Amino acid sequence: MKSTEIFVITHKPCKLIPKDNIYKMIQAGAAGKDHFLPLTDDMFKDNISNKNASFCELTAMYHIWKYSNADVKGLCHYRRYFTNHRYLSEALSYTVKKYPFILKKGKIERILDNYDLIVGEHIHKGESEYAYYASKHINSDLMCTREVISELYPDYLASFDKCLNSDSFYLANMIYTSKDIFDSYSKWLFDILFEVEKRVDISNRDNYQKRVFGFLSERLLKVWVDKNNIKPYIGYIIKIL
């Protein structure tokens, strides 16, 4: 029987919504703060918890990569979960009492019998991802990322341009997949982001634009999937009030 762990990322005390015991809450950005959960992203020596302001949920993803040995693993957010109902979308919000549709262990594993990973997709029709990112964030960060990929992983450059010329990206860094895929992707991702971090100065940015590495990783997931011919299942994300 497969072991499955889905980590629910939170930065503040809150109630765990899913009843399925595969879901585990982890406190992100816990370094130097009061610990309100037994599982935190700074609980072991090898951690990037103190980077949470710029890496967002990726500080918990780093912990999952390094320390979870589950056959199937992934991450979602304390207010965002995958659902298998098409009509429940990111544009809608539901109270807990109205929402019984979070993916359970059996459904996740059945999906992954036919697909390589579960992701959520954001589409903005009529505009390339290059243009969209430039309008919402700091475009030089994206160009720096392209430069780093050309140096560290040049065989990914064609996929980078292909995906950034498309009109969509994988939303919220939410991913459920096998351990092998999760760990392979994580190594590639953090290799790139840690190098980009050396080259960009975020010290004078507002708090939103300091979240640059979270924003970049949403785009990079699609690049990695495209280059490696990974078969994605596009899940639907619900936002909990």
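The values are calculated or read from the model by the stated rules, or taken from the named source; none is laboratory data. Keep in mind that this is a model prediction, so the values were computed, not measured. Reconstructed Cβ throughout: ideal geometry from the backbone, glycine too, with neighbour counts over all protein chains shown. These accessible areas exclude ligands, DNA and RNA; they are computed on the full protein's heavy atoms, side chains included. Shrake-Rupley method; radii C 1.70, N 1.55, O 1.52, S 1.80 Å.
Here is how the numbers come out for the structure above:
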quantity: Of residues in the range 133-159 being buried (at least 18 other Cβ atoms within 10 Å of the Cβ) and of a type in the set (Phe, Trp, Tyr), the one farthest from the chain's Cα centre (by Cα); calculated: Tyr156
quantity: Candidates Ile202, Ile192, Ile230 - the one that is among the aliphatic types (A, V, I, L, M) and more than 24 Å from Ser128 (Cβ to Cβ); calculated: Ile202
quantity: Selected residue [buried (at least 16 other Cβ atoms within 10 Å of the Cβ), in a helix (DSSP H, G or I) and touching a helix residue (DSSP H, G or I) at 6+ places or on another chain (Cβ under 8 Å)] from Ile192, Ile175; calculated: Ile192
quantity: Where a residue in the range 142-167 is modelled with pLDDT of 95 or more and its partner, wherever it lies, is open to solvent by 80 Å² or more (accessible area, probe 1.4 Å) and among the aliphatic types (A, V, I, L, M), with Cβ under 7 Å and at least six apart; calculated: Asp167/Ile123
quantity: Residues located in the range 78-94, provided they are over 20 Å from Ser217 (Cβ atoms), at pLDDT below 60 and outside any strand (DSSP E or B); calculated: Tyr87, Leu88, Ser89, Ala91, Leu92
quantity: Test set (1) modelled with pLDDT under 95; (2) not acidic (Asp, Glu); (3) not in a loop (DSSP other than H, G, I, E, B) - Gly126 fails condition number; calculated: (3)
quantity: Among the candidates Ile202, Ile181, Ile102, residue that is under 17 Å from the mean Cα position of the chain (by Cα) and not hydroxyl-bearing (Ser, Thr, Tyr); calculated: Ile181
quantity: Subset of the range 103-132 [open to solvent by 20 Å² or more (accessible area, probe 1.4 Å) and among the hydrophobic types (A, V, I, L, M, F, W, C)]; calculated: Leu112, Ile123, Ala131
quantity: One residue from Gly235, Gly214 being at pLDDT below 95 and either part of a helix (DSSP H, G or I) or crowded, with 18+ Cβ neighbours inside 10 Å (or both); calculated: Gly235
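Yes/no matrix, rows are residues, columns are (1) surrounded by 20 or more Cβ atoms within 10 Å (Cβ to Cβ); (2) modelled with pLDDT of 95 or more; (3) out of contact with any Asp or Glu (no Cβ under 6 Å at 6 or more places or on another chain):
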{"position": "Ile9", "(1), (2), (3)": "yes, yes, no"}
{"position": "Lys12", "(1), (2), (3)": "no, yes, yes"}
{"position": "Asn21", "(1), (2), (3)": "no, no, yes"}
{"position": "Gly29", "(1), (2), (3)": "yes, yes, yes"}
{"position": "Ala70", "(1), (2), (3)": "no, yes, no"}
{"position": "Cys76", "(1), (2), (3)": "yes, yes, yes"}
